[in-house]
1. Filter K123/K215; K150/K215; K123/K239; K157/K256 down to the pairs with a C-alpha to C-alpha distance above 24 Å, please.
2. Taking the Cβ-Cβ separation of A189 and V113 as r and a Förster radius of 35 Å, what is the calculated FRET efficiency to the nearest 0.05?
3. Under a 5 Å amide H to amide H cut-off, with H placed in plane at 1.01 Å, what residues pair with D108 once short-range neighbours are removed?
4. Note the full-extension length gain between D231 and A95 as 0.36 nm times their separation in residues minus their Cα-Cα distance, in nm to one decimal.
5. Once you charge only the Cβ atoms, +1 for Lys and Arg and -1 for Asp and Glu, what is the size of the charge dipole of segment 62-126 about its Cα centre, to the nearest 20 debye?
6. Tally Lys/Arg at +1 and Asp/Glu at -1 over every other residue whose Cβ is under 14 Å from the Cβ of S270; what's the total?
7. Pull up all non-local amide H partners of T213: gap of 5 or more, or a different chain, and H-to-H distance under 5 Å with H placed in the peptide plane.
Amino acid sequence: MAGPTTAERGERQKLRSGPPRPPRQMRLRRLRVLIALLVALVLAGAGAVWLLYGSQWLRVERLSVSGTRVLTPQQVREAADVPDGTPLVSVDTDAVEARLLRRLPRIDSVDVVRSWPHGIGLKVTERTPVLVVRTPGKGGKSNKGGKGDKYVEVDAKGVRFATVPTAPKNVALLELTPSRTAALRRFPADRLVREAVRVAGDLPASVARATRTVKVRSYDSISLELGDGRDVEWGSGEKGRAKARTLTALMKAAPKARHFDVSVPTAPSSAGS
C-alpha cells in the first residue's frame, strides 16, 4: 500500500501547526486600535461626568409644584429646600421627600422626580380632614365654642395633622368624653379617635353631609348629632357597612323620627317625631 503523497504530508503539517500567524505589523495595528478605543471610552466617561456634575447645563433652575389645595406652591418649595444651581443628578429625591413630609404634616404623600434638563417636579397629595377636634381658647371649654378656639384637623388615617383657626366647612366636630375607667386604659384617646374616623368613613353620604358632631364616650358608645337636631346611636365602629345600610332604610321608613339606634344593626329602632 502506497504512503501519503508529498502534498498530503504538507496539508497534515499545516493542520498540526495551526492557522498562519498574522504578521507583526498587523498585530501592532490591532493593538493601536484597541488602545484608541479604550482612550475614547475614558474620555467619553470623563465627559459624561463633567456634563452631569461640572457643567452649567444640567442644573436645577426651577421647582414645579402640583396638587396643592391648602398649602401654597411657595411653602412647598421652601420646605423642599433644593438650592438653585444644584447638579440635577446629585439631588437626593428620597431626602427631599422625607424633608417635605417632616416639615409639612399636611402632606400625605409626595412624588419627587427629575425633569431634565433643569427641573424638579413635586407632585403633592394633601391630607383631607374627616373630623376636627376643638381646642379651647384661653378660659374656654373643650366642647363649647368660644373666642380663641382652634381646631385640629384629623384625616382618614386618624392623623392629627394641622391646627386651624376656623373649622373647615362640612367637616364634623369630634367630641371625646370618655369615662375615667379601666376601659379608657384599654382604649386610649388615640384609639378612640381612630374609631371615630372609622365611623365617619362608613356613614351614608347623605348622613355624612348632615353630621355636625361625632360624640365618643367609649369604644362601643359612639353617636352622631345631625344639623337638623336628629341624633343617631351608632355603637362601636364594628359592622359599619351593615349599620349604614340599616340607617338608610330606617330613615326612609321613619322620615319624621328624631332618634335612631343602629348599634345592633339587626335590631334597629327609631323614636320621636
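1. K123/K215; K123/K239; K157/K256
2. 0.35
3. Excluding prolines and chain starts, which carry no amide H, the hits are T125, E126, R127.
4. 44.2 nm
5. Working: 9 positive and 9 negative charges, 33 e Å.
For segment 62-126, the charge dipole is close to 160 debye.
6. Net charge in that neighbourhood comes out at +2.
7. So T213 has HN proximity to L173, E225.
FYI, it's all coordinate maths here, none of it is from the lab. No experiment lies behind these values; they were computed from the predicted model shown. Heads up, the Cβs are rebuilt from the backbone with ideal geometry, glycines too, and the neighbour counts pull from every protein chain shown.
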